[in-house]
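The values are calculated or read from the model by the stated rules, or taken from the named source; none is laboratory data. Note that the coordinates shown come from a computational prediction; the quantities given were computed from them, not determined experimentally. Here Cβ is always computed from backbone atoms with ideal geometry, including for glycine, and neighbour counts include all displayed protein chains. Just so you know, the surface numbers come from the protein's heavy atoms only, side chains and all, with ligands and any DNA or RNA stripped out. Shrake-Rupley method; radii C 1.70, N 1.55, O 1.52, S 1.80 Å.
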Amino acid sequence: VDSAYVGHRGTIRDYPGFSPSADAEAIHKAIRGIGTDEKVLISILTERSNTQRQLIVKEYQAAYGKELKDDLKGDLSGNFKRAMVALVTPPAVFDAKQLQKSMKGAGTNEDALIEILTTRTGRQMKEIAQAYSTVYKKSLRDDVCSEASGDFRKALLTLAEGRRDESLKVDEHLAKKDAQILYNAGEKKWGTDEDKFTEILCLRSFPQLKLTFDEYKNISQKDIEDSIKGELSGHFEDLLLAIVHCVRNTPAFLADRLHQALKGAGTDEFTLNRIMVSRSEIDLLDIRAEFKKHYGCSLYSAIKSDTSGNYEITLLKICGGDD
């Protein structure tokens, strides 16, 4: 089981009494009939874990000689199609594809790059890099290099290598030392030593950074956010602020991203799909709680008022309930 992608605060779990062959057959019937039975597709694919969906994909291929994702692509359209295809994609491959989409074509979607690279663990990043080179026959590293520059590029590459410490142990002495280094690299000197910010914020574990930020406040009487805003700029600043927010509360960071995607004119489906699908087995329950806390309405109701049709039904099933 790809446990790097499974938490215990997700909305989707393994389906009890699961039969990949029965599911593959039901899906095939739903696609092959006269007119597609979308209800069947939705009820099966949103109620199975990704591990189970991968077994359905194998079974489908064996029984019908076709890739399930190709049949879904051929039969469905628009956002609904994208959501269903996302559900049958292995998580690391899904993330690799999202990264590639963020970088290809004119202009880079820096927000998406930042979101993926700051919220994935070191272990997930290693799997994503592996999936990336398998799918695109080139390295994630090379593509990041050609899309970004300067300190932003350095920081993205450090994250993309998946070298962040994963241990839950915190070292108080190191936190004090790092806090002092950050202070010396920013507030205390003319000009800023960006490399120090990258090294510490991109390599230390989240619990370690939490402590470091507390120590930083003791030393400088300022929040690390305020120092970053004062000392740095551009996408590099955005990236470091995203890391700080994730260290403090990753679900709140993602709830904010969802809120941005859903508010105002037009919906950012690229972000909406990605977060709903990629966090559905990790921390979507926590994201829902943060959403409600910060924006006064439930994620469920925000999706309901902003989407429609089978796409809406699919997202609401993934969301799992109203708060």
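With respect to the cross-link table entries K263/K292; K196/K229; K176/K293; K69/K263, which display a Cα-Cα separation exceeding 22 Å? Don't skip to the answer; put the middle values down first.
Values: K263/K292 14 Å; K196/K229 16 Å; K176/K293 32 Å; K69/K263 30 Å.
From K263/K292; K196/K229; K176/K293; K69/K263, over 22 Å: K176/K293; K69/K263.
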Label-point separation (nm) for T36 and C145, each offset 7 Å from Cα along Cα-to-Cβ?
4.0 nm
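Send over a whole-number figure in Å² for the accessible area per residue of region 91-161, probe 1.4 Å. If you can, show how the numbers build up before the last one.
Values: 2940 Å² over 71 residues.
Averaged over the residues of region 91-161, the accessible area is 41 Å².
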Phi to ³J(HN,Hα) by Karplus 6.51 cos²θ - 1.76 cosθ + 1.60 over region 134-145, Hz, x for Gly, Pro:
5, 6, 9, 6, 8, 8, 4, 3, 5, 5, 4, 4
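With respect to the cross-link table entries K189/K210; K73/K317; K39/K304; K29/K101; K126/K189, which display a Cα-Cα separation exceeding 27 Å? Mind showing how you got there, number by number?
Values: K189/K210 24 Å; K73/K317 20 Å; K39/K304 17 Å; K29/K101 32 Å; K126/K189 36 Å.
Violating the 27 Å limit, Cα to Cα: K29/K101; K126/K189.
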Please compute the net charge surrounding L241, taking Lys and Arg as +1 and Asp and Glu as -1 over other residues with Cβ under 10 Å from its Cβ.
-2
Quote to one decimal, in nm, the extra length available between D226 and A265 on full extension: 0.36 nm per residue of separation minus the C-alpha distance between them.
11.0 nm
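What net charge do the residues around D223 carry, taking every other residue with its C-beta under 11 Å from that of D223, with Lys and Arg at +1 and Asp and Glu at -1? Don't skip to the answer; put the middle values down first.
On the way: positive: K217, K222, K229, R248; negative: D214, E225, D226.
Around D223, the charge tally is +1.
Using just the helices of the chain, give the 222 nm mean residue ellipticity in deg cm²/dmol: DSSP H runs with n ≥ 4 each add -39,500 (n - 2.57), and the total is spread over all residues, rounded to 500.
Working: 19 runs with 228 residues, N = 323.
Result for the chain: -22000 deg cm²/dmol, rounded to the nearest 500.
Pulled fully out, how much extra length does the chain show between S43 and V135, if you take 0.36 nm times their separation in residues and subtract their Cα-Cα distance?
On the way: separation 92, 0.36 × 92 = 33.12 nm, distance 2.88 nm.
Full-extension gain reported as 30.2 nm.
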Subtract the Cα-Cα distance of D323 and A22 from 0.36 nm times their separation in residues, and report this length gain in nm to one decimal.
105.0 nm
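Under a Cβ-Cβ cut-off of 10 Å, what is the net charge of the residues other than T121 that fall near it, where Lys and Arg count +1 and Asp and Glu count -1? Let's see the in-between values first.
On the way: positive: R120, R123, K126, R164; negative: E127, E166.
Result for the neighbourhood of T121: +2.
Listed highest first by mean packing, meaning other Cβ atoms within 10 Å per residue, what order do 312-320, 69-77, 256-264 come in? Walk me through the intermediate numbers first.
On the way: 312-320: 21.1, 69-77: 15.3, 256-264: 17.7.
Sorting 312-320, 69-77, 256-264 by mean packing, highest first, produces 312-320, 256-264, 69-77.
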Per residue accessible area of region 172-248, 1.4 Å probe, in Å²
46 Å²
